[in-house]
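*Asks:* This is the structure I have questions about; it appears just below.
Read-outs: derived from the displayed coordinates by stated rules, not from any lab. Worth saying up front: this structure is predicted, and the values here are computed from it rather than measured. Here the Cβ positions follow ideal geometry from the backbone for every residue, glycine too, while neighbour counts run over all protein chains shown.
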Amino acid sequence: MFEWLRKRRAEEPTSVVDPVCGMSIAPARAAATRTVGTRTVYLCSPACTDKFDRDPSAFTATAPSSSHQEEKHGHRHGGGGGCC
């Protein structure tokens, strides 16, 4: 009966990366989402959402690296929890 829903859920990622801080999060636990072109961006916290909203192009060109995390936040993210 709900075959369309099953297919949609199967296509959804189980983990995504916040482009601001590089933290891996479950899409359902994202603090916010933004649409950039055809891409959905998932953000882990209100602080990362504010930073993204100020300059989306700074975070959508490439995926963040470890050095990005350290330069922008002064720390690395481990598993789970919010950031910033």
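*Asks:* Can you tell me the equivalent ellipsoid semi-axes for region 12-65? Use √(5λ) from the Cα gyration tensor, largest first, whole Å.
*Replies:* That gives 15, 12, 11 Å for the three semi-axes.
*Asks:* Could I have the simple spin-label model distance between ALA28 and GLU3, label points 7 Å from Cα toward Cβ, reported in nm to one decimal?
*Replies:* Label-label distance for ALA28 and GLU3, simple model: 2.4 nm.
*Asks:* Sticking with the crude label model, points 7 Å out along Cα→Cβ, report the distance from ASP50 to THR38 in nm, one decimal please.
*Replies:* Label-label distance for ASP50 and THR38, simple model: 3.5 nm.
*Asks:* Can you tell me the order of 33-40, 13-20 when each peptide is scored by its average per-residue count of other Cβ atoms within 10 angstrom, highest first?
*Replies:* 13-20, 33-40
*Asks:* Let me ask something else about it. To the nearest 0.05, how large is the calculated FRET efficiency for THR14 and SER57 if R₀ is 22 Å and r is the Cβ-Cβ distance?
*Replies:* Once the sixth-power term is evaluated, E becomes 0.20.
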